[in-house]
Protein chains: 2
Amino acid sequence: MTFPWPEPGTPLHDVLTPMPVIDEDRVAANIGRAQRYMDQHRIAFRPHIKTHKLSYVAKQQLAAGAVGLNCQKLTEAEAFADAGFDDILVTYNILGASRLGRLKALNNRVSALKVCADNEVAVAGYAATFGKDKPLSVLIECDTGGGRCGVQSPRAAFELAQKISASDGLHFAGLLTYPAPGGAKAVQSFLTEAMALLDSVGIDCPIRSNGGSPDIWQAHLVPAATEHRAGTYVYNDRSMVRTGECKEDDLALHVLATVVSIPTEGRLVLDAGSKALTSDLLGFDDFGRIEELPGAKIVSLSEEHAVTDVSGCTADLPRIGEQVRIVPNHCCVVSNLFDRVVFHRDGAVTRVEKLLARGTVW
Amino acid sequence: MTFPWPEPGTPLHDVLTPMPVIDEDRVAANIGRAQRYMDQHRIAFRPHIKTHKLSYVAKQQLAAGAVGLNCQKLTEAEAFADAGFDDILVTYNILGASRLGRLKALNNRVSALKVCADNEVAVAGYAATFGKDKPLSVLIECDTGGGRCGVQSPRAAFELAQKISASDGLHFAGLLTYPAPGGAKAVQSFLTEAMALLDSVGIDCPIRSNGGSPDIWQAHLVPAATEHRAGTYVYNDRSMVRTGECKEDDLALHVLATVVSIPTEGRLVLDAGSKALTSDLLGFDDFGRIEELPGAKIVSLSEEHAVTDVSGCTADLPRIGEQVRIVPNHCCVVSNLFDRVVFHRDGAVTRVEKLLARGTVW
């Protein structure tokens with residue numbers, strides 16, 4: 001099976017669908033805007049690669065001034081290390097002998113590798129694996145209201161930091177959080193309190209890493225943070241428009257889809273199903289917004305079809321075989337479904353990029 | 001990056017997570033049970049490859065007596081043709097010059113290729129592409145209440161069938177439907193009426209293809225159908241248990257996951273997020289059922305984490321680093337996230353299989 005990936009110069013309407021298509025200029029603008037904001041507020045910026053999983057985009061982010069990359073899984077970090085990136089923060093508890101062995105190998109070849117921990121089991125695993133010849137840098141993940149992982153209090157962070165500091169093979173690198181939306185105040189208060197406790201026993205806390213695209217433009221409301229991590233901002237999506245974090249013109253990723261059936265006057269079926277858009281709702285009650293069809297609603301997805309109610313649509317309807325562009329609810333999970341994505345400018349393909357770490361959830 | 005895929009014989013608890021793990025014996029039992037039922041009722045059985053995308057499983061399905069395979073996209077059909085399968089039905093409107101050219105090439109090398117159409121644009125494309133030297137077999141998709149694709153009435157099917165029959169390059173192969181759950185009566189009535197119309201002008205309608213795992217054991221309630229298509233039945237999932245189409249012991253696919261964090265007494269975080277389980281709810285209000293933790297609830301997924309409320313859980317809780325098995329809401333979309341899956345028997349890995357057509361949504 002050889003799939004006909006489009007050559008540079010191919011008009012977008014000749015690209016086979018469903019396909020994520022990414023606007024080169026909007027990506028560049030999104031990268032520039034975020035970096036300028038972080039520079040202005042003297043916050044180090046660490047883009048999360050989960051959204052694009054592409055060396056091509058990561059290089060642009062670093063060229064703009066990012067300090068390094070954020071990966072979520074060890075396998076992603078290995079893939080980006082293979083591609084030559086050398087400042088990588090893995091925001092995950094890495095557990096078990098097999099993974100710890102790989103982490104040690106990675107730490108030997110990546111100059112600025114950092115991982116995180118929110119519990120003693122993870123710290124004990126790191127401590128048993130690393131030695132003072134090449135210590136591992138560990139940040140403590142703090143739950144500042146996000147309700148995912150993380151130690152629950154500044155005191156718990158302080159206690160875990162002491163364990164890290166006491167280990168010859170570990171370097172306590174700081175604190176890290178992924179807050180609830182609008183959580184700046186809670187982050188600031190958590191970090192300040194934990195830093196005071198650490199300071200009282202002379203433990204240095206060089207990095208205080210805050211995160212999230214949803215609150216990217218509120219990063220300066222956490223002066224205690226030294227860096228910010230964000231992924232979605234690079235492409236943006238329907239959820240980012242809803243919260244006002246980006247404008248329509250900042251949407252860099254669309255899923256190109258084709259009308260494959262018009263069974264009834266009010267029903268139009270597209271070739272982008274849950275295997276192209278995912279079922280992520282993120283609070284919406286439908287599965288994406290169609291640029292060309294205001295008022296249309298993608299009411300249900302099967303795996304390879306999007307059933308669209310166009311009864312409330314005010315625009316001229318496309319015909320069978322014609323394309324539309326869908327703004328996905330959540331761009332990161334869309335990227336992860338495709339081995340390659342298509343970039344474009346001025347209506348024509350500029351390049352096809354193979355994802356470095358698609359589906360590497362380990 | 002070289003990922004340590006487990007060797008045969010590896011204990012399941014040494015398999016890195018998150019990972020779909022598939023019980024060899026349950027797959028064999030599911031294949032056997034469905035095929036015996038279809039044989040008993042003299043219904044040809046055509047498994048849908050979307051659920052597994054594996055040559056290994058497709059071969060077992062054919063060995064048990066299936067007449068051929070069902071693919072949803074042309075790219076899947078190409079991949080399975082490359083693997084040597086020769087009776088393939090593609091249940092999709094295939095549109096556009098590029099795809100039609102590939103379809104023609106495929107028809108030249110697959111002895112029993114069949115596609116479908118529910119509109120005149122698709123039929124016109126087929127008719128313009130194929131000649132009488134190697135005609136294309138086309139089934140008409142009928143909407144019998146499923147509300148996806150399909151012509152809306154037996155008369156519309158009849159009219160489209162006449163167009164297919166009138167083309168030298170096309171062979172009218174029959175009717176096809178994916179009904180609404182519990183739709184046996186509607187399917188029977190639609191097929192009977194359309195067949196009578198076709199018979200009145202002497203058009204043969206050899207295949208009447210009904211579909212769906214949700215109604216797999218009701219297939220015999222549609223005597224007008226000659227074949228049944230189903231995918232999910234081979235692994236089964238939480239949605240199939242809910243509707244009573246399978247028992248707990250028929251669940252062949254689990255997502256193996258590891259506890260990576262226990263931030264609070266009632267909250268446990270697993271390493272299987274939406275990039276391992278998908279966000280498919282299928283009517284549930286949580287994202288999967290954990291075998292070892294009755295009463296636990298996977299309340300939210302981020303991309304690499306499952307936040308689980310264990311406050312109502314009656315079992316002993318696992319510790320950080322320990323594994324659990326998750327029954328996903330929907331198994332087909334889980335397979336599609338992984339390039340490889342792990343098979344097992346008696347607690348040990350039997351093989352790792354590479355998916356033939358993961359993510360090939362074209």
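A short reminder: the numbers here are calculations on the coordinates, not readings from a lab. In this text the structure is predicted, and so the values were computed from the model without any measurement. Neighbour counts are summed over all protein chains in view; Cβ atoms, including those assigned to glycine, are modelled from backbone coordinates with ideal geometry.
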**Complete:** Helix-only [θ] at 222 nm, chain A, -39500 (n - 2.57) per DSSP H run of 4+, per residue, nearest 500, equals -8500 deg cm²/dmol
**Request:** Starting from the Cα gyration tensor of segment B:41-236, multiply each eigenvalue by 5, take the square root, and state the resulting semi-axes largest first in whole Å.
**Result:** 23, 23, 13
**Message:** Can you pull out the trypsin sites (Lys or Arg not before Pro) in segment A:79-143 whose DSSP state is coil and whose Cβ has at most 11 other Cβ atoms within 10 Å?
**Reply:** A:132
**Prompt:** Measuring label to label, 7 Å along Cα→Cβ, what does residue B:285 give against each other copy in nm, shortest first?
**Reply:** 1.7
**Request:** Whole Å is fine, so just give me how far the alpha carbon centre of segment A:17-88 lies from that of segment A:151-208.
**Result:** 26
**Message:** What three numbers, in Å, describe the spread of the alpha carbons of the protein assembly as shown along their principal axes, ordered from the longest?
**Reply:** 93, 57, 40
**Request:** For segment B:41-236, calculate the relative contact order in percent as a whole number, restricting contacts to Cα pairs under 8 Å that are 6 or more residues apart.
**Result:** 19
**Item:** Cα→Cβ-extended label distance, 7 Å offset, between residue B:82 and residue A:185, nm
**Value:** 5.7
**Asked** What nm distances, shortest first, do you get from the label point of residue A:242 to those in the other copies when the point sits 7 angstrom along Cα to Cβ?
**Response** 2.1
**Asked** What does the average come to when, for each residue of peptide A:144-155, you count the partner chain Cβ atoms lying within 10 Å of its Cβ?
**Response** 3
**Message:** Please arrange B:227, B:7 by how many other C-beta atoms lie within 10 Å of their C-beta, fewest to most.
**Reply:** B:7, B:227
**Fill in**
residue A:106 neighbourhood, Cβ < 15 Å, K/R = +1, D/E = -1, net charge +2
**Item:** Within-14-Å neighbourhood charge of residue B:154 [Cβ basis; K, R +1; D, E -1]
**Value:** -4
**Item:** When segment B:86-141 is reduced to its Cα atoms, the Kirkwood hydrodynamic radius in Å
**Value:** 11.1
**Asked** Comparing A:167, A:311, A:153, which has the greatest mean-square fluctuation in the GNM of chain A with Cα pairs linked when under 10 Å apart?
**Response** A:311
**Item:** Estimated D of segment A:136-235 in µm² per second, where Rh is the Kirkwood radius over Cα pairs and Stokes-Einstein applies at 37 °C, 0.692 mPa s
**Value:** 243
**Complete:** Ranked by GNM mean-square fluctuation in chain A (Cα springs under 10 Å), the top entry among A:49, A:320, A:164 is A:320
**Asked** Do the alpha carbons of any pairs in A:275/B:185; A:73/A:104; A:73/B:297 sit beyond 19 Å of each other, and which pairs?
**Response** A:275/B:185; A:73/B:297
**Request:** Starting from a label point 7 Å past Cα on the Cβ side, list the distances from residue B:82 to the same position in the other copies, nm, shortest first.
**Result:** 1.9
**Complete:** Mean-square fluctuation maximum in Gaussian network of chain A, Cα pairs under 10 Å, restricted to A:329, A:236, A:108, hits A:108
**Request:** Sort B:80, A:85 so that the residue with the fewest other Cβ atoms within 10 Å of its own Cβ comes first and the one with the most comes last.
**Result:** A:85, B:80
**Request:** Using a Förster distance of 51 angstrom, determine the FRET efficiency expected from the C-beta separation of residue B:159 and residue A:285, and round it to 0.05.
**Result:** 0.90
**Item:** Alpha carbon Rg of chain B, scaled by the compact-globule rule 2.2 N^0.38 Å
**Value:** 1.07
**Prompt:** Considering only DSSP beta bridges with both partners in the protein assembly as shown, what is the antiparallel share in %, to the nearest 5?
**Reply:** 45
**Asked** Closest approach to the B-A rotation axis by any Cβ of B: residue and distance in angstrom?
**Response** B:279, 2
